[in-house]
Each structure stands twice: as structure tokens, then as C-alpha cells.
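A.B. asks: Here it is: the structure, laid out below.
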Amino acid sequence: MTLRMEQTDHNSEQRRRFFEAEVERLMDRLYGTALRLTRNGPDAEDVVAETLARAWSKLDGLQDLQSFEKWVFRILINTFISERRRRLARPADESPDCEDVLDQFSLFEKVHQPFLLWWGNPEQQLLDKFLRADINRAVDDLQEEFRAVVIMVEVWGLSYAEVAETLEVPVGTVRSRLSRGRALLQRALWSQASQLGIAGAKQGDTSR
Amino acid sequence: MSKHVSCEEVIKRLLEFLDKELDAETERQIRSHMETCRACFSRAEFERRLRERIAEAGETKAPDSLRRRVRAMVARF
């Protein structure tokens with residue numbers, strides 16, 4: 001009996017150490033993601049703290065500790081969504097007014113100059129000109145439902161199926177939100193680049 | 001004999017390709033196309049680099065106040 005209790009204590013201590021080490025390792029990513037989702041520091045801190053409290057309470061149910069990273073990130077997304085619903089007392093994802101969005105906007109097509117293939121690379125140069133703050137602004141300006149999906153796939157590398165399961169929506173919805181989110185993001189970056197005068201638009205292209 | 005894909009088809013599926021959401025055969029066809037098509041290769045590189053820049057946005061140094069709060073919380077667990 002005593003031996004079993006000691007064993008249990010030992011296991012729980014190991015889990016605690018594992019949890020602490022993973023939290024330390026992932027803290028900046030969790031906070032950065034929460035900041036992009038909430039768009040303000042105090043709310044982002046609350047979301048991370050609540051996420052970690054939930055994660056700890058569910059840790060015994062996590063079979064594969066190798067998958068901790070994606071697992072805790074999915075908890076963060078769910079925490080963000082439920083906190084937001086609680087605060088606004090309404091689902092944040094409904095009635096998106098986005099029917100007029102161009103799904104196919106491509107930043108690459110705006111700046112790519114085929115005749116320069118061998119001599120220059122204006123599209124890569126454009127990407128290098130964006131400050132981190134420019135990119136963050138473009139992400140922050142996305143509507144929440146698009147922002148969440150873009151972050152889940154591009155920042156955390158979740159599969160479409162994992163995103164669908166986390167958000168409890170069909171995979172087709174994930175595809176369409178991702179497609180629109182990316183188009184909107186690239187359009188926002190193009191608009192910023194044009195305003196900043198760093199766009200280097202193709203000759204004859206006056207579209208904004 | 002495997003099927004060759006057009007640039008149009010590659011561009012249409014490029015983001016799913018980068019997301020690793022395609023079946024193995026389609027992925028192989030696109031990869032093979034890019035070995036010889038500089039235009040599609042450039043576009044893929046652009047999208048990949050953009051994605052890297054966006055991923056950077058998901059990392060921000062957590063404030064000390066949050067670290068302290070989390071440490072205190074974990075100590076109570």
C-alpha cells in the first residue's frame with residue numbers, strides 16, 4: 001500500500017515536472033498566439049492562464065505526451081472561444097459578412113515579374129521589407145473566424161481535420177475559411193505595401 | 001506511367017500541397033512538376049516564406065507578470 005502511494009507520488013511529480021518544462025518551452029508561443037487572437041495583452045494573459053489551468057486538469061487524459069504541444073494549443077483555442085462567448089454572450093463566429101471577399105487574391109501575382117526570373121526576385125524582396133509589426137497588423141485585422149483558422153494552420157501546423165475537430169465545424173468549412181483568410185491577409189499586406197510605397201507594383205498595374 | 005500536372009493545376013492546389021493535405025500521388029506529381037517549372041517553384045517558395053513570416057507573428061515574449069502568475073498557479077497544482 002505504501003509502495004503504491006509512493007509510486008503514485010513519484011508519477012505525479014514526474015507529470016508536474018513534465019508540465020512545467022513544456023509550459024516554459026511553449027510560453028512565448030502560447031502568449032503570442034493568444035495575443036494575436038485577443039488583440040490585447042491583459043486578455044491574452046488571462047487566456048494563457050486559463051488554458052494552462054484546464055490543461056493541467058486534463059493532463060491525466062493525455063495518452064501520448066509527445067502530442068502535448070498541439071493538444072495544449074487546441075485547449076488554448078477552445079479557451080479563447082469560450083471566454084469570448086461568455087463575455088459577449090453570443091457566438092463570435094456567426095453571421096460573417098464576407099460574401100464579397102475575393103477568394104483568389106494573390107500577393108505573388110501582384111508583384112511577380114516573369115521576365116525577371118533569372119535576374120531578380122521582387123516578390124521575395126517585398127516579403128523581406130515587411131516589418132514584423134506589418135504582418136501582425138494584417139493578421140490582427142482579419143475577422144476572428146478567419147484569424148483563428150489561419151493561426152491554427154500556419155502557426156501551429158494543425159491539419160484541416162484537427163482544426164475541424166477543435167472548432168466543431170466540417171472540414172469543408174475549414175477549407176473555405178482558410179482560403180478566404182489567406183486571401184484577405186494577402187490583400188491587407190498588399191494594401192499596406194502600397195500605402196508604404198514598398199509594393200514595387202508591376203508596370204501598368206494600378207489596382208489596389 | 002504517371003500523369004503530368006499543369007501549372008494551373010499546381011497553383012490551384014499549392015496551398016493544400018504546402019499544408020500537406022494532398023494524397024501521396026498528387027503530392028508527388030506537384031513535387032515533380034516543381035523540379036522543372038521555375039515559375040511554380042518561385043510561387044511555392046514565396047508562399048512558404050510568407051507563411052514563415054506569419055508564423056513569427058505567433059511568438060511574442062511573454063510578460064514577466066504572466067510567467068509569475070503561471071509559476072504560482074503550477075505550484076498550487
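A.B. asks: So, of the residues in region A:45-67 that are among the charged types (D, E, K, R) and within 14 Å of chain B (Cβ to nearest Cβ), which turns out to be surrounded by the fewest Cβ atoms within 10 Å (Cβ to Cβ)?
C.D. replies: A:ASP60
A.B. asks: Right, another one. Only residues that are outside any loop (DSSP other than H, G, I, E, B) and facing another protein chain (nearest Cβ under 7 Å): list them for region B:48-59, please.
C.D. replies: B:ARG49, B:LEU50, B:ARG51, B:ARG53, B:ILE54, B:ALA55, B:GLU56
A.B. asks: Ok, one more. Between A:PHE115, A:PHE108, A:PHE130, which is in contact with an Asp or Glu (Cβ under 7 Å, 6 or more places away or on another chain), of a type in the set (Phe, Trp, Tyr) and modelled with pLDDT of 60 or more?
C.D. replies: Answer to the check: A:PHE108.
A.B. asks: Within region A:18-44, track down each residue that is of a type in the set (Asp, Glu) and either within 7 Å of chain B (Cβ to nearest Cβ) or outside any helix (DSSP H, G or I) (or both).
C.D. replies: A:GLU20, A:ASP28
Quick grid of which residues meet (1) assigned to a loop (DSSP other than H, G, I, E, B); (2) surrounded by 19 or more Cβ atoms within 10 Å (Cβ to Cβ); (3) within 7 Å of another protein chain (Cβ to nearest Cβ):
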| residue | (1), (2), (3) |
| --- | --- |
| B:LEU22 | yes, no, no |
| B:THR36 | yes, no, no |
| B:CYS40 | no, yes, no |
| B:LYS61 | yes, no, yes |
| B:ARG71 | no, no, no |
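A.B. asks: Taking interchain pairs and intrachain pairs at least six residues apart, which have beta carbon atoms under 7 angstrom, with the first residue in region A:33-62 and in contact (Cβ under 8 Å) with a residue 40 or more places away in the chain and the second among the small types (Gly, Ala, Ser)?
C.D. replies: From region A:33-62, the pairs are A:THR33/B:GLY58; A:ALA34/A:ALA44; A:ARG36/B:ALA57; A:ARG36/B:GLY58; A:LEU37/A:ALA148; A:THR38/A:ALA44.
A.B. asks: Kindly evaluate B:ARG67 against the criterion of being in a helix (DSSP H, G or I), within 7 Å of chain A (Cβ to nearest Cβ) and more than 30 Å from A:SER12 (Cβ to Cβ).
C.D. replies: Here the answer is no, as B:ARG67 does not meet what is asked.
A.B. asks: Out of (1) under 26 Å from A:LYS110 (Cα atoms); (2) touching a residue at least 24 places away in the same chain (Cβ under 8 Å); (3) among the basic types (Lys, Arg); (4) more than 9 Å from chain A (Cβ to nearest Cβ), the odd one out for B:ARG28 is which?
C.D. replies: Against the list (1) under 26 Å from A:LYS110 (Cα atoms); (2) touching a residue at least 24 places away in the same chain (Cβ under 8 Å); (3) among the basic types (Lys, Arg); (4) more than 9 Å from chain A (Cβ to nearest Cβ), B:ARG28 comes up short only on (1).
A.B. asks: Failed condition for B:ALA57, given (1) within 18 Å of the chain's Cα centre (by Cα); (2) closer than 20 Å to A:LEU26 by Cβ; (3) exposed (fewer than 14 other Cβ atoms within 10 Å of the Cβ), with all others met?
C.D. replies: (3)
A.B. asks: Still on this structure, please answer the following. I need the helices (runs of 4 or more DSSP H) fully contained in region A:131-190, keeping only those with at least 3 residues that are under 14 Å from A:THR33 (Cα atoms) and outside the structural domain of A:SER67 (by TED's automatic domain parsing).
C.D. replies: By residue number, A:132-140, A:144-150.
The values are calculated or read from the model by the stated rules, or taken from the named source; none is laboratory data. What you are looking at is a predicted structure, and each value in this text was computed from that prediction instead of being measured. Positions of Cβ are generated from backbone atoms using ideal geometry, with glycine treated the same way; all protein chains shown enter the neighbour counts.
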